[in-house]
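Here the structure comes first, spelled out in structure tokens, and everything after it is commentary.
The values are calculated or read from the model by the stated rules, or taken from the named source; none is laboratory data. Small disclaimer: the values here were computed from a predicted structure and weren't measured. Cβ placement follows ideal geometry from the backbone for every residue including glycine, while neighbour counts extend to all protein chains displayed.
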Amino acid sequence: DLMMAMIGSAVGLGNIWRFPNVLYSHGGGSFMIPYIVSLFLLGISFVLVEYAVGFKFKRSLARILFAVSKKLEPVAWFILLIVFLIATYYVCVVGWDLIYIVLSLTKAWGANPDLFFANNVLQATDSISGIFKIVPMVFASVFAIWFMAWFIIKRDLNDGIGNVSKVLLPVLCLIVVGIVAFSLTLPGASIGYTQIFTPDWSALTNLDVWLAAFGQIIFSLSLGMAIAMTYASYLPEGSKLVDNAVIVAFSNSGFEVFNSIGTFSILGFMALTTGMPFNELVTEGTGLAFVVFPQVFNTMGDVAYIIGPLFFICILFAGITSLIALLEGVCYSISEKFLIERKKTATAVCIVGFLISIIFTTAVGSTILGVFDAYLNNFALLFAILLECIIFGWIYKFDDLIEILNNNSSIKVGKTWKTVIKYILPICIAGLWIQGVMSTISTIDTLSSTIMLILTIVLIVVPIIFAKLPARNPHYYD
Ligand code: TRP
């Protein structure tokens, strides 16, 4: 049951919306090798750290960090702030999905879903002045999603929603299997899917692709955000921790790679029918999924009037459960330290979150969303993971973790894993991080650099304030 819950929390927009888009913008085949390497080097190795730590301490990240050292409190708030900021744009993607549920009832996107998404849904512009223009439909759907999230948390409906999405997740998988099978029969499909499986060895030296691969693994497996830690703290004694982690990581990546075979086949079909070059098929990168799936529904005929809405509804539920999971950790930590009633905390968090989300509903919203997404995953969370590797690999007694993991598992970890966490992973992350910062600084435009600068300041100042504010809970530091 818990394993299903873990897979459920990993499978979400990351697999259906983010992965195909990252894959597409990094050239398909060039991306796959870095991706697979990151799955092992970062994904599985680091999930194991989170499992072991969560299983051992059985409490929230903040208090786990105190147990190691009191000075680490800002690190915990830093991570929670990233989680919160991810939620602010995650809402927007769920909002787009909500719009597509309605559109799919009549296939209102017409014959050219790409133009429709850019011009009618996002009403995107390139000029910075677009930041002053709010797009009413996106605004309304973002508001609706925040409202739902708030309502679910406030009314304690999490379990109910969780149960609904447990039913819908297999439905989503079935639909995806159907769509992939159908896509493979489209003319031109092979133009697309061969892209994924044709490795481009020269791209291996392009560190930006590696950074993107690390970022995708982080997002898709919800790494570094203490999610796996929370789940592991509920696992009963005698659980096969390593086996569990490996299964969750493989199912999650297997699902997204499988799904992208369909996505790329459809892109191949689009390339063949429109005669456009492969890399110019989709204008708004952040919206790849909202272009490609409507396209396949267009070619499916009448069954699409059933499959289309069902598909977007499944994504809606997967998105909302992920959103609740993101927000819960934030609310829990705030109410634990300041003894504010959980419902009041939820209301405050949702209001602040909604206010931030408004920037994604402007005419340059999807561009800003892309910047948030890349910055928070490829830089901020990657940095947090580096810190966690150092904290648990070097400050904490690491051999204890090995023992905890190996106790009941049939797959054992040992020296290799220890070397990865203590040396290889931190060195790789540090290298990629520095190179990523340099290459970003040298290529960045004004809008992106302003956003990144603001995010950087917020990510430094706010965690320090939250850590400095005195705890109202007398047992907080026990
Ligand atoms: N992994 C989720 C997905 O693929 C997204 C996600 C990131 C998430 N962090 C999370 C979900 C924290 C729940 C909790 O969509």
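Select from the stretch 155-202 the residues that are hydrophobic (A, V, I, L, M, F, W, C), under 18 Å from Pro309 (Cα atoms) and at pLDDT 95 or above and list them in ascending order.
Here is the first cut: in the stretch 155-202, the ones hydrophobic (A, V, I, L, M, F, W, C) are 157, 161, 164, 167-169, 171-177, 179-182, 184, 186, 189, 191, 196-197, 201.
So of that shortlist, the ones also under 18 Å from Pro309 (Cα atoms) come out as 164, 167-169, 171-177, 179-180, 182.
Listed by number, the residues that qualify are Leu174, Ile175, Val176, Val177, Ile179, Val180, Phe182.
Hand me the list of helices (runs of 4 or more DSSP H) wholly inside the stretch 413-469 holding 3 or more residues that are within 26 Å of Trp77 (Cα to Cα). Give the derivation first.
Numbers: elements: 415-419, 425-443, 446-468.
By residue number, 425-443, 446-468.
How many of the residues in the stretch 187-229 are β-branched (Val, Ile, Thr), part of a helix (DSSP H, G or I) and away from the ligand (no atom under 16 Å from the Cβ)? Spell out the reasoning first.
Step one: list which residues in the stretch 187-229 are β-branched (Val, Ile, Thr), which gives 191, 194, 196, 198, 205, 209, 217-218, 227.
With the extra rule that they be part of a helix (DSSP H, G or I), the set shrinks to 191, 194, 196, 205, 209, 217-218, 227.
Within this subset, residues satisfying the condition of being away from the ligand (no atom under 16 Å from the Cβ) are 191, 194, 196, 205, 209.
Looking only at that region, the number is 5.
In the stretch 280-299, what residues are surrounded by fewer than 18 Cβ atoms within 10 Å (Cβ to Cβ) and touching a residue at least 60 places away in the same chain (Cβ under 8 Å)? Within the stretch 280-299, Thr283, Gly285, Asn298, Thr299 qualify.
Rundown of residues vs (1) of a type in the set (A, V, I, L, M); (2) under 26 Å from Pro426 (Cα atoms), yes/no style:
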site: Thr345; (1), (2): no, no
site: Ile359; (1), (2): yes, no
site: Asn378; (1), (2): no, yes
site: Phe383; (1), (2): no, yes
site: Phe392; (1), (2): no, yes
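Of all residues in the stretch 133-156, those satisfying the criterion of being among the β-branched types (Val, Ile, Thr) and either under 16 Å from Ser322 (Cα atoms) or assigned to a helix (DSSP H, G or I) (or both) are Val138, Val142, Ile145, Ile152, Ile153. Scanning the stretch 53-61 turns up no residue that is away from the ligand (no atom under 14 Å from the Cβ), assigned to a helix (DSSP H, G or I) and free of Cβ contacts under 8 Å to residues at least 40 places away in the same chain. The requirement of being more than 19 Å from Phe290 (Cα to Cα) and away from the ligand (no atom under 16 Å from the Cβ) is not satisfied by Ile324. Among the residues of the stretch 107-127, count how many are over 17 Å from Glu284 (Cβ atoms) and touching a residue at least 40 places away in the same chain (Cβ under 8 Å). Adding up the residues that qualify gives 2. Contact annotation: residue pairs with Cβ atoms under 9 Å, 6 or more positions apart or on different chains, pairing a residue in the stretch 224-253 that is modelled with pLDDT of 85 or more and surrounded by fewer than 22 Cβ atoms within 10 Å (Cβ to Cβ) with a partner that is of a type in the set (A, V, I, L, M, F, W, C) and not in a helix (DSSP H, G or I), are Lys240/Ile411; Asp243/Ile411; Val246/Ile411; Ser251/Val11.
Here are some residues: Trp96, Trp109. Which one is modelled with pLDDT of 95 or more and either within 16 Å of the ligand (Cβ to nearest atom) or under 24 Å from the mean Cα position of the chain (by Cα) (or both)? Don't jump to the end; show me each part of the working.
Details: Trp109 fails: either within 16 Å of the ligand (Cβ to nearest atom) or under 24 Å from the mean Cα position of the chain (by Cα) (or both).
Sole residue among the options that is modelled with pLDDT of 95 or more and either within 16 Å of the ligand (Cβ to nearest atom) or under 24 Å from the mean Cα position of the chain (by Cα) (or both): Trp96.
Which one is farthest from Ala226 (Cα to Cα) among residues in the stretch 287-321 that are touching an Asp or Glu at 6+ places or on another chain (Cβ under 7 Å) and within 16 Å of the ligand (Cβ to nearest atom)?
As a first pass, look at the stretch 287-321 and keep what is touching an Asp or Glu at 6+ places or on another chain (Cβ under 7 Å): 291, 312, 315-316, 319.
So of that shortlist, the ones also within 16 Å of the ligand (Cβ to nearest atom) come out as 312, 315-316, 319.
Values: Phe312: 28, Ile315: 23, Leu316: 23, Gly319: 18 Å.
Within the stretch 287-321, the match that is farthest from Ala226 (Cα to Cα) is Phe312.
Highlighted here are the helices (runs of 4 or more DSSP H) found entirely within the stretch 295-376 that include at least 1 residues which are over 21 Å from Glu284 (Cα atoms): 304-338, 342-357.
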